[in-house]
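Before any comments, here is the structure.
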Amino acid sequence: MFSTSHLHPMLVHFPIALVAIGFLAEVVSIFVKKEAALSKISFYLLLTGTFFACCTWLSGILFTSEMSGTAGEVKQTHQLFAGLSMALLLLTSGLRLLQVRYADNLILARFSLFTYTLASIGIAITGFYGGTLVYNYMMPL
């Protein structure tokens with residue numbers, strides 16, 4: 001029988017991979033080679049990663065068990081960074097959608113790259129705390 005407690009672990013890898021590869025494609029498209037295709041790939045990976053980040057965040061809130069003590073503190077930190085990362089991804093997605101309309105706006109492009117950078121860092125920190133929860137507090141030795 002399928003348990004809803006498995007949804008979060010199943011979904012968690014999608015935003016990590018999609019956002020990381022999308023951010024890398026964006027950086028390469030800007031700094032290494034002015035390649036429009038990489039920027040477009042980055043845009044679609046950002047939107048897909050944002051969607052999966054929202055689904056993953058929701059599954060974590062709704063379907064994971066409560067923890068106490070040190071594990072509870074780590075989980076709270078994990079949830080904090082997950083919420084911040086999701087908010088930054090939503091902001092970045094909105095900024096990138098505006099860039100589609102206002103293509104020559106350099107300030108918008110730089111600000112969206114800045115928020116994409118922060119979101120990518122946030123996803124990495126969230127993943128670190130999630131991994132800490134799994135490997136230090138949930139898996140038997």
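Spin-label model, TYR135 to LEU118: label points 7 Å out along the Cα-to-beta-carbon direction sit 2.9 nm apart. Between helix 36-63 and the chain there is an angle of about 20 degrees, using the helix long axis and the longest principal axis of the Cα atoms. Extending 7 Å from Cα along the Cβ direction at ILE30 and again at LEU58 yields two label points whose distance is 3.0 nm. Computed extension gain for PHE128 through ALA20, at 0.36 nm per residue and net of the alpha carbon distance, reaches 37.5 nm. For the pair ILE107 and LYS40, a Förster radius of 30 Å applied to the C-beta separation gives a FRET efficiency near 0.90, rounded to the nearest 0.05. For a straight C-alpha distance cut-off of 20 angstrom, the aspartates and glutamates reachable from LYS40 (same-chain residues fewer than eight places away being disregarded) are GLU26, ASP104. Rolling a 1.4 Å probe over the heavy atoms of the protein chains gives the chain an accessible area of 63 Å² per residue. Note the listed values [x] 107; [y] 132; [z] 117, then indicate which one is volume of the Cα convex hull per residue in Å³ calculated from this particular structure. The value matching this structure is [z].
The values are calculated or read from the model by the stated rules, or taken from the named source; none is laboratory data. Small disclaimer: the values here were computed from a predicted structure and weren't measured. In this analysis, Cβ positions are derived from the backbone assuming ideal geometry, glycine residues included, and neighbour counts consider all displayed protein chains. These accessible areas exclude ligands, DNA and RNA; they are computed on the full protein's heavy atoms, side chains included. Shrake-Rupley method; radii C 1.70, N 1.55, O 1.52, S 1.80 Å.
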